[in-house]
Amino acid sequence: MSNGNGVVATLTGAAESVKETASNIGSSIASTASDAVASVKKSAKKARKAATKRVTAAKKAVAKRTDKASKAVKKTVAKAKKKLASASASAKAEAAALKKKVGKKTATKKAAKKAAKKVARKSVAKKAPAKKAVKKAVKKAAPRKAAKKVAKKAAPRKAAKKAVKKAAKKK
């Protein structure tokens with residue numbers, strides 16, 4: 001039976017060897033897995049840091065661009081306001097000048113009307129004596145019927161002046 005004892009010992013040795021190998025493989029797998037987990041964690045941290053850096057850089061770039069754009073818009077708006085203000089001022093000045101001109105024109109028209117009325121009054125006042133002078137001159141120079149006709153025809157100013165000149169020449 002010594003053969004049986006040797007088989008059992010061999011089998012026991014082989015089983016322990018398999019057990020040992022299995023435990024070595026398990027521990028190496030576990031250590032490899034833990035190394036892999038650690039490596040993945042490191043990679044994830046690096047990726048987070050890189051993503052954070054990129055996001056921060058993008059935010060800064062957007063902020064710079066928005067600042068530049070807002071400054072440009074502010075400048076453009078300020079220039080447009082200045083142009084509108086100057087155009088408004090010049091338009092107001094032009095309107096005031098036109099109002100002054102219109103005021104002067106109406107004042108000159110009023111003055112012209114007043115002057116025309118004065119001239120008309122003077123000419124009306126002068127016509128009466130001219131008619132009287134014509135009548136007197138005609139009475140002296142011609143018979144009564146002819147004098148009446150001449151006096152009626154001599155109503156216009158030019159005719160009255162001519163008659164007065166003729167009467168003055170005769171004297």
Surface accessible to a 1.4 Å probe, Val73 within the full protein complex, Å² = 90
How big is the Rg/Rh ratio for segment 27-111, C-alpha atoms only, Rh by Kirkwood, two decimals?
-> 1.81
Counting only protein heavy atoms with a 1.4 Å probe and every protein chain in place, the carbon and sulfur fraction of the accessible surface of segment 1-118 in whole percent equals 65
Hydrodynamic radius by Kirkwood for segment 5-49, inverse mean 1/r across distinct Cα pairs, in Å, is 13.0
Label point distance in nm, Val40-Lys60, each placed 7 Å from Cα along Cα→Cβ | 3.3
Two pseudo-spin positions, 7 Å from Cα along C-beta at Ala30 and at Thr10, lie apart in nanometres by 3.3
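The values are calculated or read from the model by the stated rules, or taken from the named source; none is laboratory data. What you see is a predicted model, and the numbers here were worked out from it, not measured in a lab. Positions of Cβ are backbone-derived with ideal geometry, glycine not excepted, and every protein chain shown enters the neighbour counts. For the accessible areas, the whole protein counts, side chains as well, though only heavy atoms, and no ligand, DNA or RNA atoms are used. Shrake-Rupley method; radii C 1.70, N 1.55, O 1.52, S 1.80 Å.
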